[in-house]
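Visitor: Here's a structure for you.
Here, each number is a calculation from the coordinates, and none is a lab measurement. Keep in mind the model is a prediction, meaning the values are calculated, not measured. Cβ sites come from the backbone with ideal geometry, for glycine too, and all protein chains shown count toward neighbours.
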Amino acid sequence: MTSTNGESPRVIRTLIADDQEAVRRGVRRILTAQPDIEVVGEAADGLAALELAAELRPDVALVDVRMPRMDGLELTRRLAGPGVAEPVRVVVLTTFDLDEYVYPALRYGASGFLLKRSGPSLLAEAVRAAADGESLISPSVTVRLLRHVTAPRRTEHGRPERGRPEHGRPEHGRPAPVVPLTEREVEIAGHVAAGRTNADIAAELFISPGTVKTHVASIQRKLGVANRVGIAVHAWEMGWAAGAR
């Protein structure tokens, strides 16, 4: 099979890590039905997944949160975290919409998360988006997650906990970027946090998608984050998210 320009199409090499055989079987069935996705390996625990990733060098790893020997959070950190020389893009699999493990997973370098009950089209979309370095789930789910993980926790009296962000304000002690963001970069970060694609942002700001992509890369570098989700988390904490004020 070749593309219209005569070149072979890209095939996204994917690793599945989940301790439930039925889940792995279902995910494999969905992905192998896609012409541009290949499942190169499966692992039933985190340590086996880490070893397979080193051997197979997949483009994307679908990682369950709860696994024996090494959980999905530690696996994510080792595959995609700060300081990893050759990171693998990770999509964290979770059972619940508001799983308390999602936020640490993003901090450890996960490109996003996917609910296990998601349909086949969203699963394939997540893998393709991860391979492209984009957001991994639909904007509405991304925004709902980010609202949850950046919302202040409440004390038993209903007041925000000390040291937790309130109304989009940053956490105490959170370091500012070494190189400050420009006004335009703050604006674009806010749109990323609202779940908008590069094309959406370009249309909103009357600039080209290529210009947006350049700004996004600059923002990632300045914030020291691995992907768009890292930008979104930071923007929500700083109160930059478009429509979130």
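Visitor: Determine ³J(HN,Hα), in whole Hz, for all residues of segment 218-223 in sequence, where each value follows from phi through the Karplus function 6.51 cos²θ - 1.76 cosθ + 1.60 and θ = phi - 60°; x replaces Gly and Pro.
Guide: Listing the rounded values in order: 5, 5, 4, 5, 5, 7 Hz.
Visitor: FRET efficiency for residue 179 and residue 74, Cβ-Cβ distance as r, R0 = 22 Å, nearest 0.05?
Guide: My answer for the efficiency is 0.10.
Visitor: Any chance you could run the full-extension gain for residue 121 through residue 199? It's 0.36 nm times the residue separation minus the Cα-Cα distance, nm to one decimal.
Guide: 26.0 nm
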